[in-house]
Amino acid sequence: MVWDLTIAALVALACSFAVCQALIGAPIVDMPDAPRKAHRAPTPTSGGIAMALGFAVALFALGAISTVWRHTIELLSATRATWAAVLAYAFLFLGFLDDAYPLGPRLKFLVFGALSVATALLIGVVGELPIGDMRLVLPYPIALLGTALWVFTLVNCVNFMDGANGLAMGSVAIGLIVVAIIAVNIGGLGAAAISACGAGALLGFLLWNFPGGRLFAGDSGALFAGALGAVVSLSLIARGDLSPFVPPIIFFPLLADALLTLA
């Protein structure tokens with residue numbers, strides 16, 4: 001299974017890298033029109049499309065080459081993995097719209113909130129928090145709100161940090177690799193597949209983004225990457241195999257930097 005995931009991650013990397021090369025001349029560009037922007041020339045910002053294509057191709061490749069993955073994964077795990085991919089693409093589409101036709105903050109906030117709540121409902125609401133030898137059971141409305149807030153926060157933190165080449169995507173890629181390792185060890189094959197393919201796709205993009213900044217992820221890439229991290233975390237927690245406190249530790253560099261800056 002580990003070798004199958006490794007091959008899938010390499011397929012994602014190669015596909016993402018190739019699509020990134022094709023997108024270097026894409027018409028959607030980020031203009032150096034603000035003092036905070038470090039680049040001095042219009043830069044293509046469609047890297048999220050390459051990541052999404054690499055991720056999709058890798059998932060299909062994994063299904064084709066891995067009999068272990070096809071025959072061992074449980075139906076519930078496969079369903080969660082499918083919804084995880086669908087929701088990540090929903091965030092990608094939102095980011096792509098914002099890249100091409102900037103959305104107003106109120107509309108974007110409402111859509112973000114709706115997608116975050118949908119993610120919590122479809123992947124799994126975190127209703128218990130382990131505290132020592134005890135388990136704190138949360139009322140359902142609070143559990144739903146807290147789960148949606150996790151998705152909303154992580155996705156926005158990745159988007160917030162995406163201004164520095166390599167920082168946000170690199171941090172998410174490392175986090176997804178860690179999540180994949182954890183998932184393999186606890187039998188979460190669906191989450192392992194999503195994490196490994198996602199990490200490979202992000203690494204293929206990073207070869208163009210860091211350090212030269214020849215291609216940006218854009219809102220589409222940042223929202224897609226953040227959503228992958230959020231949904232695979234919830235998927236493992238929903239199985240009952242992972243403490244809800246582990247994902248914030250894995251993605252702590254992104255959360256701490258963005259939230260402290262905002263504070």
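Can you tell me which residues in the range 19-41 are aliphatic (A, V, I, L, M) and at pLDDT below 85? Please lay out each step first, then the result.
Step one: list which residues in the range 19-41 are aliphatic (A, V, I, L, M), which gives 19, 22-24, 26, 28-29, 31, 34, 38, 41.
Answer for the range 19-41, where residues must be aliphatic (A, V, I, L, M) and at pLDDT below 85: Ala22, Leu23, Ile24, Ala26, Ile28, Val29, Met31, Ala34, Ala38, Ala41.
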Report summary line: Residue hits (the range 144-154; within 11 Å of the chain's Cα centre (by Cα) and closer than 12 Å to Thr119 by Cα) are Val151
Report task. Scan the range 174-188 and report the pairs whose first residue is more than 20 Å from Leu10 (Cβ to Cβ) and whose second residue is part of a helix (DSSP H, G or I) and open to solvent by 60 Å² or more (accessible area, probe 1.4 Å), with Cβ atoms within less than 9 Å and a gap of 6+ or a chain change. Result -> Gly187/Thr72
Query raised in the report: Within the range 42-55, can you find the residues that are open to solvent by 10 Å² or more (accessible area, probe 1.4 Å) and at pLDDT 90 or above?
Result: Leu53
Query raised in the report: Does any residue of the range 199-212 turn out to be surrounded by 19 or more Cβ atoms within 10 Å (Cβ to Cβ), of a type outside the set (D, E, K, R) and under 30 Å from Leu136 (Cβ atoms)?
Result: no
Report summary line: If you go through Val178, Val232, Val172, the only one that is modelled with pLDDT of 85 or more, surrounded by fewer than 21 Cβ atoms within 10 Å (Cβ to Cβ) and outside any loop (DSSP other than H, G, I, E, B) is Val178
Report task. Output yes when any residue across the range 120-134 is touching a residue at least 12 places away in the same chain (Cβ under 8 Å), assigned to a helix (DSSP H, G or I), within 30 Å of Thr6 (Cα to Cα) and open to solvent by less than 40 Å² (accessible area, probe 1.4 Å), and no when none is. Result -> yes
Query raised in the report: Does any residue in the range 137-163 that is open to solvent by 70 Å² or more (accessible area, probe 1.4 Å) come within less than 7 Å, Cβ to Cβ, of a residue that is in a helix (DSSP H, G or I) six or more places away or on a different chain, and which pairs are these?
Result: Phe160/Ala258
Query raised in the report: Just to be sure, is Ile194 in contact (Cβ under 8 Å) with a residue 60 or more places away in the chain, β-branched (Val, Ile, Thr) and touching a helix residue (DSSP H, G or I) at 6+ places or on another chain (Cβ under 9 Å)?
Result: yes
Requested in this report: Could you figure out which of (1) open to solvent by less than 30 Å² (accessible area, probe 1.4 Å); (2) modelled with pLDDT of 90 or more; (3) more than 18 Å from the chain's Cα centre (by Cα) isn't true of Leu110?
Outcome: (1)
Query raised in the report: When the range 163-189 is examined, which residues are found to be among the β-branched types (Val, Ile, Thr) and closer than 16 Å to Met51 by Cβ?
Result: Val172, Ile174, Ile177
Query raised in the report: With respect to the numbered conditions (1) assigned to a helix (DSSP H, G or I); (2) modelled with pLDDT of 75 or more; (3) hydrophobic (A, V, I, L, M, F, W, C), which one is the sole condition not fulfilled by Leu103?
Result: (1)
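The values are calculated or read from the model by the stated rules, or taken from the named source; none is laboratory data. A quick note: this is a predicted structure, and the numbers were derived from the prediction, not measured. Don't worry about glycine lacking a Cβ; one is built from the backbone with ideal geometry, like all the others, and counts go over all protein chains shown. When the accessible area is computed, the model is the full protein with side chains, heavy atoms only, and any ligands, DNA or RNA have been set aside. Shrake-Rupley method; radii C 1.70, N 1.55, O 1.52, S 1.80 Å.
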